[in-house]
Amino acid sequence: MSFAATILTLYPEMFPGPLGISLAGRALNEGRWRCDPVQIRDYATDRHRSVDDTPAGGGAGMVLRADVVAAAIDAVAVRSGGEARPLLAMTPRGRPLTQQRVRALAQGPGVVILCGRFEGFDERLFEGRAIEEVSIGDYVLSGGEMGALVLLDACIRLLPGVMGAPSSGDEESFESGLLEYPHYTRPAEWEGRTIPEVLRSGDHARIAAWRKARAETDTRLRRPDLWERHEGARVGSPSGAQRMKDE
Ligand code: SAM
């Protein structure tokens, strides 16, 4: 069964976009995932095909109408092969996307993704439908489409048969709660810089120990937030373990 992605958007022509090339594009051609963009405007009911209106209470910008967006959601088969797919909305206030959430989504039947534009959605939409809000970071995009592409790219590379070696993803950043160790390749010397001796030693135990130590040091120095959580979970501190579970 392939991973089914339905994207509700005002710009369906943005899909599959960059996901039509490289790993994701090949996986699409092989039928490992399906890309089904849906034009929200098709569910407008007036002759101007309006999807947005001015904000109640005044202010700048426009707001996506709850009735039109809900009609689009309801029309989409939110079921795939008998299993319900999560309905996600891209919003800056949503729960930050994590590798853990990506992995869980990639193991499911697919996703339905709602892409905002303008000032975002009428709040009543979130009260009237079971929607999981997802953010891809603490910055503001002009629309949810880029966020949807990011989320889908992260999921697709984890689908069975998409990445070359089955273990390719296992040691990557965030998989173990740590950043990944640094990589090197030929030439052995570049601008006077050499590859660390241990990586040329052929001693797999020493290499593994070096990589583990570097992953820990880099995480501690670059991402103290991740390090604190990792350490908390490792020593079994209830706060650290709970935080990892929550994310
Ligand atoms: N008025 C909103 C606010 O201040 O939170 C920003 C709306 S933004 C210009 C338009 C749309 O882009 C949003 O509805 C959402 O779908 C998408 N978007 C913007 N930033 C995002 C982010 N960091 N993560 C996910 N989606 C985002």
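Miscellaneous remarks
- For GLU132, the residues whose modelled amide H falls within less than 5 Å of its own, excluding neighbours fewer than 5 places apart on the same chain, are LEU87, LEU88, ALA89.
- Two-site FRET efficiency, ARG41 against ASP170, from Cβ-Cβ distance with R₀ of 35 Å, rounded to 0.05: 0.25
- Added length on full extension, which subtracts the Cα-Cα distance from 0.36 nm per residue, PHE126 to MET146: 5.1 nm
- If R0 equals 45 Å, the separation of the Cβ atoms of ARG193 and LEU23 corresponds to a calculated FRET efficiency of about 0.90.
- Footprinting exposure proxy ranking of PHE174, PHE121, fewest other C-beta atoms within 10 angstrom first, gives PHE174, PHE121.
- Looking at the chain alone, DSSP beta bridges between its own residues are antiparallel in about 20 percent of cases.
- For the chain: Kirkwood Rh in Å [reciprocal of mean 1/r, alpha carbons]: 20.7 Å
- Extending 7 Å from the Cα toward the beta-carbon at both GLN107 and TYR139 defines two label points whose distance is 3.1 nm.
- 3J(HN,Hα) from dihedral phi, the stretch 112-122, Karplus parametrisation 6.51/-1.76/1.60, rounded to Hz, x for glycine, proline: 10, 10, 9, 9, x, 8, 6, 7, x, 9, 4
- FRET efficiency for THR185 and SER2, using Cβ-Cβ distance with R0 set to 25 Å, rounded to 0.05: 0.15
- Full extension of the chain between ARG223 and ALA205 yields a length gain of 3.9 nm, computed as 0.36 nm times the residue separation minus the alpha carbon distance.
- Take the Cα of TYR11, go 7 Å toward its beta carbon, and the backbone nitrogen atoms of the stretch 96-139 under 20 Å from that spot belong to 112-122, 134-139.
- Per-residue Cβ neighbour rank within 10 angstrom, fewest leading, TYR184, TYR43: TYR184, TYR43
- Ranking of ILE156, ILE207 by count of other Cβ atoms within 10 Å, fewest first: ILE207, ILE156
- Helical runs assigned H by DSSP (4 residues or longer) give the chain a calculated mean residue ellipticity at 222 nm of -10000 deg cm²/dmol, each run adding -39500 (n - 2.57) before division by the residue total.
Values in this text are rule-based calculations from the coordinates and carry no lab data. Quantities reported herein were computed from a predicted structural model and do not represent experimental measurements. Virtual Cβ from ideal backbone geometry, glycine too; neighbours counted across all protein chains shown.
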